[in-house]
1. When the residues of segment 7-45 are filtered to those that are at pLDDT below 90 and assigned to a loop (DSSP other than H, G, I, E, B), which remaining residue is farthest from the chain's Cα centre (by Cα)?
2. Going by what's in this entry, would residue 363 be described as free of Cβ contacts under 8 Å to residues at least 40 places away in the same chain, surrounded by 13 or more Cβ atoms within 10 Å (Cβ to Cβ), within 16 Å of residue 204 (Cα to Cα) and in contact with a helix residue (DSSP H, G or I) (Cβ under 8 Å, 6 or more places away or on another chain)?
3. Out of curiosity, is residue 139 in a helix (DSSP H, G or I), within 26 Å of the chain's Cα centre (by Cα), surrounded by 15 or more Cβ atoms within 10 Å (Cβ to Cβ) and without any contact (Cβ under 8 Å) to a residue 24 or more places away in the chain?
4. Of the conditions (1) over 30 Å from residue 25 (Cα atoms); (2) surrounded by 11 or more Cβ atoms within 10 Å (Cβ to Cβ); (3) free of Cβ contacts under 8 Å to residues at least 24 places away in the same chain, residue 295 satisfies every one except a single condition; which number is it?
5. Does residue 280 count as under 26 Å from residue 226 (Cβ atoms) and either at pLDDT 95 or above or more than 26 Å from the chain's Cα centre (by Cα) (or both)?
6. Considering only residues that are touching a residue at least 60 places away in the same chain (Cβ under 8 Å), part of a helix (DSSP H, G or I) and loosely packed, with under 15 Cβ neighbours inside 10 Å, which ones fall in segment 153-204?
């Protein structure tokens, strides 16, 4: 097949504006980046924050996810709900015999984890500063989750007919509702909240120590955040939520860009910031190019309605007539279980959402209001909730 014909004259016209380092568009990007060379640039990857102060100053980096204490331990407990539901799905919908092997494997790990769990583990070994004073409650909640999961898995392995979607809810997820004690659903909210509170606590404190001029700050959330489809909008990014909270909600939203295809750096090892430093100019160019292009709108079309970034209205599921939502529902209080459990459903069903971001925005809001003091925050599903012992 012959190649498609291209007019050299019109192709040259195309490249004059849009292609190559000497194009008119590239000149605008370079000029804008030079104009903002002294502005603070904040870059978030899937695991770290980097602050580039500007004027060639050295960046600083703070880890916030996989490099943090207790994250994987709490995530393992958080995921007991969807893990068991996955096994039920494998058996009930797909009639897959693999469910039994996986249930046996999960049972072994749950019982092994239960033996390792203790107040001392959380207080003295995992030792997360933001959890101080709550270690016994966390251990009791974890023990309950392990015991109930073990009991439900053993019952299902003994009689698989009883291992179904109905018993998943009545004998696992909501056990304790009628009795007024903690449930697996509440445990999932509590563990997601604790993780969000710890990360937010350290990040808010770190940002406040940087003395950032938030009105001039440039923010890029780069690369993949969680699953491939998640965290690519302001409303679905827990990282964006933390940055906005750190700014006291003063960062202009039009300064915060989600850039899932932007280059990222690996978590620095042994203090080596060479990869972080090497990405400063490319990332500044991405921000500057995006912002400079946005500003053409007012130059070209001043008499037409302008785009104004802002958060979408949050639905209120306390209105029982609401049967479908497209954004996270508002949480009215730490006892607003309808809203928080609806969020558990939404993070599973909405591919845009980060699973662990279920209640991070609520944790950030509480921390900001409490002047970053975790002891003044109410952890839903943990504070004031009892998880009974199960033999």
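The values are calculated or read from the model by the stated rules, or taken from the named source; none is laboratory data. Model, not experiment: these values are computed from the prediction. Please note: Cβ atoms are built from the backbone with ideal geometry, for glycine as well, and neighbour counts cover all protein chains shown.
1. Taking the candidates together, the pick is 22.
2. In short, no.
3. Yes; evaluated as a whole, the condition is true for this residue.
4. Condition (1) is where residue 295 drops out.
5. yes
6. Residues satisfying the conditions are 160, 165.
Residues checked against (1) out of contact with any strand residue (DSSP E or B) (no Cβ under 7 Å at 6 or more places or on another chain); (2) over 30 Å from residue 81 (Cα atoms):
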residue: 279; (1), (2): yes, yes
residue: 284; (1), (2): no, yes
residue: 305; (1), (2): yes, yes
residue: 334; (1), (2): yes, no
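Yes/no matrix, rows are residues, columns are (1) part of a helix (DSSP H, G or I); (2) at pLDDT 95 or above; (3) surrounded by fewer than 18 Cβ atoms within 10 Å (Cβ to Cβ); (4) in contact with a helix residue (DSSP H, G or I) (Cβ under 9 Å, 6 or more places away or on another chain):
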position: 240; (1), (2), (3), (4): yes, no, no, yes
position: 249; (1), (2), (3), (4): no, no, yes, yes
position: 254; (1), (2), (3), (4): yes, no, yes, yes
position: 258; (1), (2), (3), (4): no, no, no, yes
position: 266; (1), (2), (3), (4): no, no, yes, yes
position: 270; (1), (2), (3), (4): no, no, yes, no
